[in-house]
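Questions regarding the structure given below will be posed in turn.
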Amino acid sequence: MSTMRVGVAYADVAQTVWLRIDVPENATLKEAIELSGILQTFPQIDLENQKVGIFGKVSKLDSPLRPGDRVEIYRPITCDPTKVPRRGGAEDDEDED
């Protein structure tokens, strides 16, 4: 059976991991993640609840891969975005006297 090379990327709070692996030509996103060994390195990854994608586009675990694809595992949001100030946004224009 022939293989193809893909990348698997994951970033946790402390480090970013980028792995290049060979997978079977008919591999799915989930199979690439499992074959990469990243689930053993980061046991906190929960594929049932975390989103995954290919080149920044959220995809299903059974999505087929193509040679050179970058598989990404996204971290869950850990803060309430409505309570975090925006960075680089417009400043409050009201003057305080």
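All of the numbers you see were taken from the coordinates with simple rules; none came from a lab. These figures come from a predicted structure and were not determined experimentally. All Cβ positions, glycine included, derive from the backbone under ideal geometry; neighbour counts span all protein chains shown.
Can you tell me the length gained on complete extension of the stretch THR16 to PHE55, counting 0.36 nm per residue apart and subtracting the Cα distance?
Values: separation 39, 0.36 × 39 = 14.04 nm, distance 1.58 nm.
Result: 12.5 nm gained on full extension.
Can you pull out the chymotrypsin sites (Phe, Trp or Tyr not before Pro) in the stretch 1-74 whose DSSP state is coil and whose Cβ has at most 12 other Cβ atoms within 10 Å? Intermediate values should be presented prior to the final figure.
Working: sites: TYR10, TRP18, PHE55, TYR74; in loops: PHE55, TYR74.
Of the chymotrypsin sites (Phe, Trp or Tyr not before Pro), the ones in loops of the stretch 1-74 whose Cβ has at most 12 other Cβ atoms within 10 Å are PHE55.
Could you give the length gained by full extension between ARG70 and LEU47, i.e. 0.36 nm per residue of separation minus their alpha carbon distance, to one decimal place? Don't jump to the answer; show the numbers that get you there.
Numbers: separation 23, 0.36 × 23 = 8.28 nm, distance 1.66 nm.
Extra length from ARG70 to LEU47 when fully extended: 6.6 nm.
Restricting attention to the stretch 1-64, which GluC sites (Glu not before Pro) occupy a DSSP loop and are surrounded by at most 10 other Cβ atoms within 10 Å? It would help to have the intermediate numbers written out before the result.
On the way: sites: GLU25, GLU31, GLU34, GLU48; in loops: GLU25, GLU48.
Passing sites in the stretch 1-64 are GLU48.
Starting from 0.36 nm per residue, how many nanometres of slack lie between GLN40 and THR3 once their C-alpha separation is accounted for? Each step should come with its number before you reach the end.
Values: separation 37, 0.36 × 37 = 13.32 nm, distance 2.26 nm.
Going from the current span to full extension adds 11.1 nm.
Moving on. Would you mind getting the Kirkwood hydrodynamic radius of the stretch 3-73 from its Cα pairs, rounded to one decimal in Å? Mind dumping the intermediate values first?
Working: mean 1/r = 0.0838 Å⁻¹.
Roughly 11.9 Å, rounded to one decimal.
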